[in-house]
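The structure under discussion appears below in the form of structure tokens.
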Amino acid sequence: NNGHIVISIKANCIDSTVDAATVFAGEIPKLQEQRIKPQEQLTLEPFERDHALVVGKYVRSK
């Protein structure tokens, strides 16, 4: 009924006109709309600039 997800976000591909932290913050509500509960968010600095990983749990509706 439930599952876990790992999603990579590349901020510049979503919106290159704002800083990466703003893009990452804007993507979290979109995940929540899809019934994904983010549990952890990590940037990939210094290995990849403006990238983040989000680990979360998918909660199936009843």
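Read the figures in this text as sums done on the coordinates, not as results from a lab. All figures in this text were calculated on a predicted structure; none of them were measured in a lab. Glycine gets a Cβ as well: all are built from the backbone with ideal geometry, and neighbour counts include every protein chain shown.
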Note to self: Report the Cα-based extents of the chain along its three principal axes, largest first, to the nearest Å.
What the structure shows: 39, 22, 14
Check: Sequence-distant or interchain residues sharing an amide H contact under 5 Å with residue 58, placed H: which?
Finding: 3, 4, 5, 37
Item checked: Per-residue Cβ neighbour rank within 10 angstrom, fewest leading, 51, 4 -> 4, 51
Notebook entry, point to check: What value, in deg cm²/dmol to 500, does the helix sum -39500 (n - 2.57) over DSSP H runs of n ≥ 4 give at 222 nm once divided by the residues of the chain?
Noted result: -8000 deg cm²/dmol
Checklist line | Potential lengthening between residue 44 and residue 10 on full extension [0.36 nm per residue; Cα-Cα distance subtracted] | finding: 11.2 nm
